[in-house]
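Heads up, the thing below is written out as structure tokens.
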Amino acid sequence: MRHLNPMKILSLVLLAPLCVTAQNPPAPQTKPAAPAAAPAQAQTDAEKPVRNRAAAYYHYSLAHIYEELVALYGRSEFANRAIEEYKLAIQNDPESSFLNAGLAELYAKTSRIRDAVIEAQNILKKDPNNLDARKLLGRIYLRSLGDMNAGTQSQEILRLAIEQYEQIVRLEPKAIDSRLLLGRLYILNKQMDKAEAAFKTAVEIQPESEEAVTNLAYLYNEQGDAAKAAATLNNVPEAARSAKLYSALGYTYEHQRQYKKAIEAYRKAVEIDKENLDAVRGLAQNLLSDGQLEAALEQYKNVIEEDPQDAQAQLRIAEIQRRLGKLDAALESLKKAQGMVQDSLEVPYNFALVYAAQGRYEDAIASLQGLLDKTARADNNYSAGDANNRSVFLERLGELYREMGRTQLAVETFRKTLTLGDENAVRGYQRIIDSYRDAKQWQQATQVAQEAAAKYPQDRGLKLLLAQQMADMGQAEKGVELAKSLLKGTREDREIHLALSQIYSRLRRWNEAEAAARKADQLSESSEEKEYVAFIEGAIFERQKKWDAAEERFRRVLAADPNNAMALNYLGYMFADRNVRLEEAVGMIKKAVEIEPQNGAYLDSLGWAYYRLGKYDLAEDFLRKAVAKSNNDATVHDHLGDVYLKTGKLRLAVAHWERALEEWNKSVPAEVEPTEVAKVQKKLESARVRLAKQEKK
């Protein structure tokens, strides 16, 4: 068929019904005459609008055809003609809300928003219950909300949108779509009680509506009541649950940090809808949070297979590879992610983490410094999000300096976080205190703890650090009393009991340490919290030489998280130090070192396990690395001294034992085991005698 001019189409359509009876039809492009307008009525009817429905229908028909031409060709002249015809139709039937609504809709479709709003408002002045006009206004306000940034104007538009949808649900009380939309608008306006009421009513109207149920559940999640959210979703019978609902349930359990339940829910979502990548992502994230690294890696690879440009999945793959000690693979994954995103902060930050794990400290520092330069503002005026990002970069940079033994640089870096908001400042103070403690600068650590607690008197974490410092510095009872004064008889006491258990342990008050740990365990809810308490209990038992109880606790942690490097190292070292199950000890500690290859304590443990096995070359290699990482650790120097004694390097053995005693002398009593000091003193004296004899020969 040949292409026809749109005006030709219009004339043909208009003339078609007339040709049935007309003997002499007008030319194709001639517009038919409109029906004559009705004459004005006399006096009593003079104030009433003149109505000529035939003329109105005629002009409406023309307007409708022009509207269709606008949709087909998008030409403005058709829109203008359609508007003109609507106006003529309204002139002939001024009371027709249908025609006025049609004109308002046309204004909206052709982006004449102001005219659309005015027309719809005029309709509502005449007929407040006109549902079409209210829906049109509601849609216009919603679209305007999406087009503008937050501010005073957007708040006014939000108010107007809410006003319209409140009237819409009044006029259509059983229509849940409008009620759900109203609930979401209430959330935007921070009217949570009204949002909850809207969603609850939607559920009552249509209990099987997953849209209504999931909206109510998400609201509870946003309010921090994940238990109520889970209960809402679990009210839906299993047979009626869709992939979307299981995903919402997974998200809810994730908020509760019940990762195993979240994993189960997301698995069911994926079983129902294997193409639901969001559910696969949720499954992968919760496997990662639960410490199931290999399983999480498999799921993220599934995501990448379906969506090769998913940069976030590629980043998570790199994170898992780093945590598994596969550092070269992690770098390759990061390079792929780098090619997918522009101006990312997360990619260079993850490069810094991998470089640090590889011991490439200068490269890691350069990456972090680049991020700090990139995000710096000359006026030091940062949004909350920007301040948090800078705090993360500064904290990691400070940790690098701390690992390198550059205490003053670490402290200076952490101090820069003190101006980035209270939460960041609190963490900054905590890291400054830890840096001074690592460097055995006990007095400075105490002074900063006092400064921090005075500046943030309501922060319990800082007060607990001060309590620990007081206990370490010979004010044990004052430290314990300060910690106890923070107890409130609520679940929040878990943190206090954990701190008390560690203070008591450092003071060697074992019964009290065990009792505090038990109380912390009773207040623990998530599996993650219980695992941490089990680790603390294992350490307390190990220091008391309660080997079986300690092993049971560490095994409990590893059963839940096989890649828990701290538990792997602690249990492996415990075996090595007792000279039992040495091959198993080496296997555990090697895994810990693979996960954290720059951890001085883990390198020391591995070197000591090889020493127990009589593999002195390997022992020396790892212990030398440990000394390089933890040069002020007396135990590492003691271990390396033992290796040198076995390998006939007596002078080196003496030097390291002397250094061990020197470091213990710098330590507070809580850091020193008197029996270990006595053993080293005895070994040193014996070695000095032997060395003197050798030099006389």
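I'm trying to understand the selection: among the residues of the range 639-652, which are in contact with a Lys or Arg (Cβ under 8 Å, 6 or more places away or on another chain) and either crowded, with 24+ Cβ neighbours inside 10 Å or of a type in the set (Val, Ile, Thr) (or both)?
LEU640, GLY641
Is it the case that LYS591 is of a type in the set (Lys, Arg) and closer than 25 Å to GLY325 by Cα?
Working: of a type in the set (Lys, Arg): yes; closer than 25 Å to GLY325 by Cα: yes.
So LYS591 passes the test.
Considering each of VAL411, VAL448, VAL480 in turn, give the residue that is more than 25 Å from SER630 (Cβ to Cβ), buried (at least 17 other Cβ atoms within 10 Å of the Cβ) and β-branched (Val, Ile, Thr). First the steps, then the outcome.
Numbers: VAL411 fails: more than 25 Å from SER630 (Cβ to Cβ); VAL448 fails: more than 25 Å from SER630 (Cβ to Cβ).
None of the other options fit; the residue is VAL480.
Just one of the numbered conditions (1) hydroxyl-bearing (Ser, Thr, Tyr); (2) in a helix (DSSP H, G or I); (3) surrounded by fewer than 20 Cβ atoms within 10 Å (Cβ to Cβ) is not true of SER505; which one?
Among (1) hydroxyl-bearing (Ser, Thr, Tyr); (2) in a helix (DSSP H, G or I); (3) surrounded by fewer than 20 Cβ atoms within 10 Å (Cβ to Cβ), SER505 violates only (3).
Here is a check on your reading of the model: is LEU327 hydrophobic (A, V, I, L, M, F, W, C), touching a residue at least 60 places away in the same chain (Cβ under 8 Å) and either within 30 Å of TYR401 (Cα to Cα) or in contact with a helix residue (DSSP H, G or I) (Cβ under 8 Å, 6 or more places away or on another chain) (or both)?
Details: hydrophobic (A, V, I, L, M, F, W, C): yes; touching a residue at least 60 places away in the same chain (Cβ under 8 Å): yes; either within 30 Å of TYR401 (Cα to Cα) or in contact with a helix residue (DSSP H, G or I) (Cβ under 8 Å, 6 or more places away or on another chain) (or both): yes.
Criteria met by LEU327.
Please go through (1) over 21 Å from the mean Cα position of the chain (by Cα); (2) more than 30 Å from LYS274 (Cα to Cα); (3) assigned to a helix (DSSP H, G or I); (4) not small (Gly, Ala, Ser) for ARG377 and return the number of the only condition it doesn't satisfy.
(3)
In the range 591-643, how many are touching a Gly at 6+ places or on another chain (Cβ under 6 Å) and among the basic types (Lys, Arg)?
Adding up the residues that qualify gives 1.
Looking only at the range 164-204, filter to residues that are in a helix (DSSP H, G or I) and basic (Lys, Arg); which one of those is nearest to ALA120 (Cα to Cα)?
The initial filter retains those residues of the range 164-204 that are in a helix (DSSP H, G or I), namely 164-171, 176-188, 192-204.
Within this subset, residues satisfying the condition of being basic (Lys, Arg) are 170, 179, 184, 194, 200.
Numbers: ARG170: 18, ARG179: 21, ARG184: 24, LYS194: 27, LYS200: 31 Å.
Step by step, filter the range 164-204, then rank; the result is ARG170.
Quick check on the range 419-441. Is at least one of its residues of a type in the set (Gly, Ala, Ser), part of a helix (DSSP H, G or I) and touching a residue at least 40 places away in the same chain (Cβ under 8 Å)?
no
Can you tell me which residue within the range 647-695, out of those that are assigned to a loop (DSSP other than H, G, I, E, B) and touching a residue at least 60 places away in the same chain (Cβ under 8 Å), is farthest from LEU507 (Cα to Cα)? Spell out the reasoning first.
Filtering the range 647-695 down to residues assigned to a loop (DSSP other than H, G, I, E, B) leaves 647-649, 667-668, 672-673.
When the remaining residues are screened for being touching a residue at least 60 places away in the same chain (Cβ under 8 Å), the result is 667-668.
Working: SER667: 14, VAL668: 11 Å.
Only one residue fits best here, namely SER667.
Hey, among the residues in the range 334-372 that are among the polar types (S, T, N, Q), touching a Pro at 6+ places or on another chain (Cβ under 9 Å) and farther than 16 Å from ALA313 by Cα, which one's modelled with the highest pLDDT?
Residue satisfying both the conditions and the ranking: SER367.
Any idea which residue in the range 589-614 is modelled with the highest pLDDT, counting only those that are within 16 Å of VAL557 (Cβ to Cβ) and in contact with a Ser or Thr (Cβ under 9 Å, 6 or more places away or on another chain)?
Checking each candidate, the answer is ILE589.
Only one of LEU582, LEU613 is farther than 30 Å from ARG518 by Cβ, in contact (Cβ under 8 Å) with a residue 24 or more places away in the chain and surrounded by fewer than 17 Cβ atoms within 10 Å (Cβ to Cβ); which?
LEU613
Across the range 338-354, what is the total count of residues that are over 12 Å from ALA311 (Cβ atoms), assigned to a helix (DSSP H, G or I) and among the hydrophobic types (A, V, I, L, M, F, W, C)?
Qualifying residue count for the region: 4.
Assess whether MET574 counts as being in contact (Cβ under 8 Å) with a residue 12 or more places away in the chain, closer than 16 Å to ALA592 by Cβ and crowded, with 23+ Cβ neighbours inside 10 Å.
Taking the combined requirement at face value, the residue satisfies it.
Could you run through the range 292-312 and say how many residues are outside any helix (DSSP H, G or I) and touching a helix residue (DSSP H, G or I) at 6+ places or on another chain (Cβ under 7 Å)?
3
Any residue in the range 154-167 that is farther than 17 Å from LYS194 by Cβ and at pLDDT below 85? Steps first, please.
So in the range 154-167, the residues farther than 17 Å from LYS194 by Cβ come out as 154, 156-157.
With at pLDDT below 85 added as a condition, the list becomes 154, 157.
Scanning the range 154-167 turns up at least one residue that is farther than 17 Å from LYS194 by Cβ and at pLDDT below 85.
Which condition does THR375 not pass, out of (1) under 25 Å from LYS629 (Cβ atoms); (2) in contact with a Phe, Trp or Tyr (Cβ under 9 Å, 6 or more places away or on another chain), if it passes all the others?
(1)
Tell me yes or no: at least one residue of the range 275-285 is modelled with pLDDT under 95, buried (at least 17 other Cβ atoms within 10 Å of the Cβ) and more than 20 Å from the chain's Cα centre (by Cα).
Checked the range 275-285: at least one residue is modelled with pLDDT under 95, buried (at least 17 other Cβ atoms within 10 Å of the Cβ) and more than 20 Å from the chain's Cα centre (by Cα).
Condition check: of a type outside the set (Gly, Ala, Ser), over 30 Å from ASN380 (Cβ atoms) and at pLDDT 95 or above. Does ARG494 satisfy that?
Answer is yes for this residue.
Would you check if LYS629 is over 30 Å from GLU695 (Cα atoms), in contact (Cβ under 8 Å) with a residue 12 or more places away in the chain and out of contact with any Ser or Thr (no Cβ under 8 Å at 6 or more places or on another chain)?
Yes; evaluated as a whole, the condition is true for this residue.
Could you tell me whether the range 517-534 includes any residue that is farther than 29 Å from PRO457 by Cα, buried (at least 20 other Cβ atoms within 10 Å of the Cβ) and not acidic (Asp, Glu)?
Yes - at least one qualifying residue is present in the range 517-534.
The values are calculated or read from the model by the stated rules, or taken from the named source; none is laboratory data. As the structure is a prediction and not an experimental result, all values here were calculated from the model. Backbone-built Cβ (ideal geometry, glycine too); neighbour counts: all protein chains shown.
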